[in-house]
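The values are calculated or read from the model by the stated rules, or taken from the named source; none is laboratory data. Model, not experiment: these values are computed from the prediction. Note: ideal-geometry Cβ built from the backbone for every residue, glycine included; neighbour counts use all protein chains shown.
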């Protein structure tokens, strides 16, 4: 093979690699663009449509908020979130003490590290992951931890973002008539 053909082959391979990398980056940028449009938490009174998520085995599923026998508590977390881990005893306590009046669902924004997290930290209620872009956008999910309470009519009653400490802990205690353990 002469020098010109090797040069042409090398350039073709570099071009193919560049196009592949640009394709991957464009997909990631599209997802980040969706996330960057999220401007704060879903407001109280807003409508909460069905969640399009994956179950722990990776199957796509839809969680309906309407037509339930109890209001829904949606706990949003990620396995790597330090504050989510610190909230763990509080969310378990809350589910144990308010589970008769509310349906509890956990939603991890990612599946990364989730199997290990579930094995070590059983929450005691269903866990889902990987919400689709529309769910992320409509629910304005971008930070963790977050906890939403949705009425039987599908409207957001409460939305707390951040650790269950200080004023947030007091508000949760008052809303659910519980006394959450302090986080460490």
key: Candidate set: the stretch 50-85, residues that are over 27 Å from residue 153 (Cβ atoms) and surrounded by 13 or more Cβ atoms within 10 Å (Cβ to Cβ); chosen: the one nearest to the chain's Cα centre (by Cα)   = 78
request  = Please tell me if residue 114 is touching a helix residue (DSSP H, G or I) at 6+ places or on another chain (Cβ under 7 Å) and closer than 22 Å to residue 58 by Cα.
outcome  = no
Test result for residue 134, surrounded by 19 or more Cβ atoms within 10 Å (Cβ to Cβ) and either in contact (Cβ under 8 Å) with a residue 60 or more places away in the chain or outside the structural domain of residue 89 (by TED's automatic domain parsing) (or both) = no
ask   = Using beta carbons and a limit of 6 Å, which pairs, at least six apart or on different chains, have the first residue in the stretch 86-110 and surrounded by 18 or more Cβ atoms within 10 Å (Cβ to Cβ) and the second one part of a helix (DSSP H, G or I)?
value = 98/176; 104/95; 108/114
inquiry  = I'm trying to understand the selection: among the residues of the stretch 160-172, which are over 11 Å from residue 73 (Cβ atoms), in contact (Cβ under 8 Å) with a residue 40 or more places away in the chain and not in a loop (DSSP other than H, G, I, E, B)?
reply    = 161, 169
